[in-house]
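To start, the structure under review is shown below, and the notes come after it.
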Amino acid sequence: MNDFQLAQVNVGRTLAPLGSPQLADFVAQLPEINALADGAPGFVWRMVDDDGADATSLRPKNDDDLFIINCSVWESVEALRDYTYRSEHLKVLARRREWFERLAEFHLAMWWVPAGHRPSVDEAMDRVALIRENGEGPGAFTFRAPHPPPVNSPTP
């Protein structure tokens, strides 16, 4: 087992409430896409709300009911890339403009965490803030400029 695993957060603002007809097709696909992630090679963990199915009821911005978060942990950048772009997930990703606003700022951040660590909503949002404020670097990056895991063992 590696000392570090890859955490990722992806945030978005839906074009309508999750219960609306406009988002019905997106919401209907969530169980299948989440199951696909859960079974993907290199998948470790994904954030879920109290219902345990997905994270759609979590609100990282308490004042915005349309702002949602997805956070997960993977064994490597390659494992996450394969799931994102080389699985049925790509079909949902290709339709994102039907359901989500185009954000001018970074909406994705990846970073290395000690193996076994599970990011909180606050930690994930801190990484989004970091990449928005400083651009890509070792503490928050994207597929365009991935950083390798740290060389040192994590501090217990």
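Between D25 and N2, the modelled labels are 3.5 nm apart [label points 7 Å from Cα along Cα→Cβ]. Under a model in which nothing but the beta-carbon of Lys, Arg (+1) and Asp, Glu (-1) is charged, the chain shows a dipole of about 480 debye around its Cα centre. The separation of segment 27-83 from segment 92-133, counted between C-alpha centres, amounts to 11 Å. The angle separating the long axis of helix 24-38 from the principal Cα axis of greatest extent in the chain is about 20 degrees.
For segment 1-84, compute Rg over Rh where Rg is the Cα radius of gyration and Rh is the Kirkwood radius from the inverse mean 1/r over Cα pairs. So for segment 1-84, dividing Rg by the Kirkwood Rh gives 0.99. Our compactness index for the chain, the C-alpha radius of gyration over the empirical 2.2 N^0.38 Å, is 1.02.
Which net charge results when you count Lys and Arg as +1 and Asp and Glu as -1 among the other residues whose beta-carbon is under 12 Å from that of A37?
Neighbourhood net charge equals -4.
For the Cα trace of segment 76-156, dividing Rg by the Kirkwood Rh returns an Rg/Rh value of 0.99.
Among residues other than S72 with Cβ under 12 Å from its Cβ, the summed charge is -1 (Lys and Arg +1, Asp and Glu -1). Accessible area of segment 66-108 with a 1.4 Å probe: how many percent of it is carbon plus sulfur? Looking at segment 66-108 in its full context, I get 51 percent from C and S. 3J(HN,Hα) couplings calculated from phi for segment 100-112 with the Karplus curve 6.51 cos²θ - 1.76 cosθ + 1.60 (θ = phi - 60°) are, in sequence order, 10, 5, 7, 8, 6, 9, 4, 10, 10, 9, 10, 7, 8 Hz; Gly and Pro show x.
The values are calculated or read from the model by the stated rules, or taken from the named source; none is laboratory data. Values in this document were obtained by computation on a predicted structure and should not be read as measured data. A quick note on method: Cβ atoms are made from the backbone with ideal geometry, for glycine too, and the neighbour counts reach across all protein chains shown. Surface accessibility is based on the protein's heavy atoms, side chains included, excluding ligands, DNA and RNA. Shrake-Rupley method; radii C 1.70, N 1.55, O 1.52, S 1.80 Å.
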